[in-house]
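Following this message is one structure expressed as structure tokens.
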Amino acid sequence: MAVKFDFSGKRVFVFGGTSGINLGIAKCFAGAGADVAVASRSQEKVDAAVAELEALGSQSAGYALDVRDAEAVAQALETHGGSLDVLVSGAAGNFPALANDMSPNGFKSVVDIDLLGSFHVLKAAFPYLAKPGASVINISAPQAYLAMPMQSHVCAAKAGVDMLTRTLALEWGPAGIRINSISPGPIADTEGMRRLAPSEAIAEQYKASVPLGRFGQASEIGDAAMFLSSDAAAYVSGVVLPVDGGWSVAGASAAALAMSQHAGR
Ligand code: NAP
Ligand code: COA
């Protein structure tokens, strides 16, 4: 059952919020009364997400942009205007490839979206967040702390995202802004898991590696994002919160084995 929070009258912006986990987060905030804006590259996905959020009663807005384009990110925030109570930075890219088979541009593409893109989003959003009580959530991944074959680009990028979270918790704390990472475990019906577990056998191996024995739901990541953005977490900043059915405790090592199998070793 979804945890209930009240975000009535609050303004939320979710970068990369048009599908999967991030759309799940946006829908949770909208369901809790917030006005939620989203941004991603595809205008079609942006329009569909805005329609879904409005159907939940949110006054929504959408922006088609690439987070690798700092100017476009800043422009969208300026057009949106007003202050933000919650910022979620979750745009990301992933494809499984061994480092030896990856071009420099392949590595750069993921680092530019996940890490540099997060920097663009956070830096541009600061003036709109700069008031005590504002909450920032970066969407990280287990690759930030667990080395996985075929994931050198994501491991490097997400480790950087978590250090951005920790560094900005220091720099933005005096302004009363809290910033935390959420590290989702394997989440059902997402593009990420379609790419990492392309066969039923590998998906089952992942599932068996989660102590709770199942994939998570996007709404469960949304619940955690609402918790971290609520008064219940008013003294929580600079943490990386795994929301993963206990996967980070031990199961994650089995996922590394699954990726080795994926890599044919
Ligand atoms: P997804 O549906 O593909 O979500 C990625 C989102 O980011 C989409 O809305 C995508 O929309 C947007 N995006 C991608 N590149 C972008 C760019 N350059 N500029 C702006 N927006 C961009 O995948 P997901 O699996 O739900 O992943 C969501 C987040 O959760 C990611 O940060 C991922 O690393 C993290 N995560 C996922 C899992 C999992 O189990 N799936 C586990 C741990 C962490 P457009 O295509 O329209 O740009
Ligand atoms: N294996 C190896 N290299 C790959 C690859 C794969 N499966 N897919 C892409 N690349 C390389 C490309 O060859 C290219 O390098 P090159 O110019 O040296 O040939 C580089 O990555 C960029 O590819 P391109 O398709 O131009 O990038 P893009 O900017 O349009 O897309 C991606 C970015 C590659 C991350 C794409 O997968 C994407 O848009 N992902 C978003 C959705 C997603 O990944 N969701 C999961 C959640 S994290």
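Where a number appears in this text, it was derived from the coordinates with a stated rule and is not lab data. Because the structure is a prediction, the values reported are computed rather than measured. Cβ coordinates were reconstructed from backbone atoms using ideal geometry, including for glycine residues, and neighbour counts include every protein chain displayed.
If neighbour count is taken as other Cβ atoms inside 10 Å, put Val236, Val38 in order from fewest to most.
Numbers: Val236 15, Val38 28.
In order of increasing Cβ crowding within 10 Å: Val236, Val38.
Let me ask something else about it. If amide hydrogens are placed 1.01 Å from N in the peptide plane, which non-local residues have theirs closer than 5 Å to the one on Ile179?
Close amide H contacts, sequence-distant or interchain: Val136, Gly238.
Moving to a separate point now. Step by step: find N for the stretch 81-129, compute 2.2 N^0.38 Å, then divide the Cα radius of gyration by it. What's the final number?
Details: Rg = 14.4 Å, N = 49, 2.2 N^0.38 = 9.7 Å.
Computed over Cα atoms of the stretch 81-129, the ratio equals 1.49.
Could you give log10 I(q)/I(0) at q = 0.19, 0.26, 0.28 Å⁻¹ for the stretch 219-265, computed by the Debye formula over C-alpha point scatterers of equal weight, without solvent?
Scattering profile of the stretch 219-265, log10 relative to I(0): -0.72, -0.94, -1.00.
Same structure, new question: Between Val243 and residues 5 or more places away or on another chain, which pairs have amide H atoms under 5 Å apart, with H built 1.01 Å from N, and which residues are they?
Amide H neighbours of Val243, under 5 Å, 5+ apart: Ser183, Gly185.
Related question: How far, in nm, would the chain grow between Gln75 and Glu200 when pulled straight, counting 0.36 nm per residue and subtracting the alpha carbon separation? The partial results should precede the final answer.
Working: separation 125, 0.36 × 125 = 45.00 nm, distance 4.25 nm.
Result: 40.8 nm gained on full extension.
Roughly what would the spin-label model give for Asn100 and Leu212, points 7 Å off Cα along C-beta, in nm?
3.8 nm
So, one more: Going Cα to Cα from Lys4, which aspartates and glutamates come in below 17 Å? Please leave out same-chain ones fewer than 8 positions away.
Asp35, Glu220, Asp223, Asp231
Right, next: Over the chain, what per residue volume does the convex hull of the Cα atoms give, in whole Å³?
119 Å³
Return the sequence-ordered ³J(HN,Hα) values of the stretch 4-12 in whole Hz as given by the Karplus equation 6.51 cos²θ - 1.76 cosθ + 1.60 applied to θ = phi - 60°, using x for Gly and Pro.
Along the stretch 4-12, the couplings run 9, 10, 10, 10, 4, x, 8, 10, 10 Hz.
Between Ser83 and Lys4, take the C-beta separation as r, use R0 = 25 Å, and let me know the FRET efficiency to the nearest 0.05.
Computed FRET efficiency for Ser83 and Lys4 comes out at 0.55.
Quick one: Karplus J couplings for the stretch 123-132, per residue in order, coefficients 6.51, -1.76, 1.60, θ = phi - 60°, nearest Hz, x for Gly and Pro?
5, 5, 7, 3, x, 7, 9, 5, 8, x
Shifting gears a bit: How large is ³J(HN,Hα), in whole Hz, for each residue of the stretch 114-121 in order, when computed from phi with the Karplus curve 6.51 cos²θ - 1.76 cosθ + 1.60 and θ = phi - 60°, using x for Gly and Pro?
Values, residue by residue: 6, 9, 5, x, 4, 4, 4, 5 Hz.
Still on this structure, I have one more. If we sort 43-51, 74-82, 56-64 on the protection proxy, mean other Cβ atoms within 10 Å, highest first, what's the order?
56-64, 43-51, 74-82
Using only Cα atoms, locate the centre of the stretch 195-238 and the centre of the stretch 54-83, then give the distance between them in Å, rounded to an integer.
26 Å
Counting only residues 5 or more places away or on other chains, whose amide H sits under 5 Å from the amide H of Tyr63 once H atoms are built in the peptide plane?
Val38, Ala39, Ser40
When the chain is fully extended, how far beyond the present Cα-Cα distance does Ser260 get from Gln43, taking 0.36 nm per residue of separation?
Result for the pair: 74.5 nm of gain on full extension.
Counting Lys and Arg as +1 and Asp and Glu as -1, each charge on the Cβ, what is the dipole of the chain about the Cα centre in debye, to the nearest 20?
Dipole about the Cα centre, nearest 20: 440 debye.
I've got another one for you. Give me the log10 of I(q) over I(0) for the stretch 1-138 at q = 0.14 Å⁻¹, as the Debye formula computes it from C-alpha points; what are the numbers?
-0.61
Right, here's the next one. Can you give me the Rg/Rh ratio for the stretch 118-265, using Cα atoms for both radii and the Kirkwood formula for Rh?
1.01
Picking from Ala49, Gln59, Phe126, whose Cα lies most toward the positive end of the charge dipole for the chain (charges on Cβ: Lys, Arg +1; Asp, Glu -1)?
About the Cα centre, the residue reaching furthest to the positive side is Phe126.
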